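A.B. asks: What follows is a single structure, and I will ask about it in a moment.
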Amino acid sequence: MATGETKMSKEQAKPAREKRGVPSGLWLSCEDCGAMIFRKECERLMNVCPECGFHMYLGARDRINTVLDAGTFEEWDADLSPTDPLGFTDKKKYSERIVAEQKRTGLRDAALTGSGMVRARRVAFGVTDSAFIMGSMGSVVGEKLTRLVERATSERLPLIIISGSGGGARMHEGIFSLMQMAKVSAALARYDEAQGLFISVLTNPTMGGVAASFASLGDIIFAEPKALIGFAGPRTIKATIRIELPKGFQTSEFLLEHGYIDRIVQRADLKSEIARIIDYCGK
């Protein structure tokens, strides 16, 4: 018995051998069709599924690289960083959440703004990123977009804003956040009076206060295929108006059919389409 117990204890003491297999992270699943995709192939296609063409999440930095000419982006107002004016706390303090999000995403807040070239045409360029607190419009997002619009007005530049925001006002900042919708919209009104060209690009998702303000105010509105676009979720709307909603009523395809957007543009074609519109409008 003693010998048997010794053998068992030695076997139990041996470290478990690692199973050989496919290294993690090489493959990902399409959010739409569920197909398994080789990650490098997906990245080569700008995060578009090669099987069904679904446009998956693309971060702000990658958006810049796919739309602007290489090495031409000059960031504006990079030093702006959010504060905690209300001392807000939910599961954690808002001040702590900001630091955690900055470390996780590498962004100061949910918007990047600056200037760059699109096929050798200089533009003012902004992008919001849903990775940072769902791309919600905090004070910094509103301030950066407002300054972007004002500088585009003073320098007479075409304005491009790519919206990737699943949230509207950022609840952690209360009324300070709600004010940003009006502030950015007012700046766009002045830009329009100066006869500027604003091209708004809607991606998946564009919801809440972003969809209800600047994202809907473009002279030209593009959208990516199958993008979720709207103000509130379907359940909220249905509970409010108490009628059956059309299938897919918050998709870019439905909105194109009903005149809300001007064109659905594949991600790979967006750069060329923007350059074509700038030339057509003489900007």
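A.B. asks: Among the residues of the range 166-193, what is the count of those that are among the small types (Gly, Ala, Ser), surrounded by fewer than 19 Cβ atoms within 10 Å (Cβ to Cβ) and more than 12 Å from Gly209 (Cβ to Cβ)?
C.D. replies: Total satisfying the criteria: 3.
A.B. asks: Further question on the same structure: Being surrounded by fewer than 24 Cβ atoms within 10 Å (Cβ to Cβ) and among the acidic types (Asp, Glu) is the filter here; which residues of the range 128-163 pass it?
C.D. replies: Those that are surrounded by fewer than 24 Cβ atoms within 10 Å (Cβ to Cβ) and among the acidic types (Asp, Glu): Glu143, Glu150, Glu155.
A.B. asks: Give the range 183-234 a look and list any residue that's at pLDDT 95 or above, within 17 Å of the chain's Cα centre (by Cα) and of a type in the set (Phe, Trp, Tyr), or say none.
C.D. replies: Phe214, Phe222
A.B. asks: Please work out which residue is modelled with the lowest pLDDT, limiting yourself to the range 59-97 and to residues that are at negative phi and acidic (Asp, Glu). Quick ask: steps written out before the conclusion?
C.D. replies: First, pick out the residues of the range 59-97 that are at negative phi: 59-70, 72-76, 78-86, 88-97.
Remaining after also requiring acidic (Asp, Glu): 62, 69, 74-75, 79, 84, 90, 96.
Values: Asp62: 96, Asp69: 98, Glu74: 98, Glu75: 98, Asp79: 95, Asp84: 96, Asp90: 91, Glu96: 97.
The selected residue is Asp90.
A.B. asks: Further question on the same structure: Inspect the range 222-239 for any residue being in contact with a strand residue (DSSP E or B) (Cβ under 8 Å, 6 or more places away or on another chain), under 14 Å from Gly138 (Cβ atoms) and of a type outside the set (D, E, K, R) and give the result as yes or no.
C.D. replies: no
A.B. asks: What residue, of Ser115, Ser165, Ser130, Ser177, is touching a residue at least 40 places away in the same chain (Cβ under 8 Å), in contact with a strand residue (DSSP E or B) (Cβ under 7 Å, 6 or more places away or on another chain) and assigned to a loop (DSSP other than H, G, I, E, B)?
C.D. replies: After applying the criteria, what remains is Ser165.
A.B. asks: Next question. Can you find, within the range 239-278, the residue that is nearest to Ile220 (Cα to Cα) among those that are at pLDDT 95 or above and acidic (Asp, Glu)?
C.D. replies: Among those that are at pLDDT 95 or above and acidic (Asp, Glu), it is Asp262.
A.B. asks: Any residue at all in the range 211-229 that's surrounded by fewer than 18 Cβ atoms within 10 Å (Cβ to Cβ) and in a helix (DSSP H, G or I)?
C.D. replies: Within the range 211-229, not a single residue is surrounded by fewer than 18 Cβ atoms within 10 Å (Cβ to Cβ) and in a helix (DSSP H, G or I).
A.B. asks: Restricting attention to the range 265-283, which residues are crowded, with 17+ Cβ neighbours inside 10 Å and small (Gly, Ala, Ser)?
C.D. replies: Across the range 265-283, the qualifying residue is only Ala275.
The values are calculated or read from the model by the stated rules, or taken from the named source; none is laboratory data. Just so it is clear, the structure is predicted and the values come from calculations on it, not from any experiment. Positions of Cβ are backbone-derived with ideal geometry, glycine not excepted, and every protein chain shown enters the neighbour counts.
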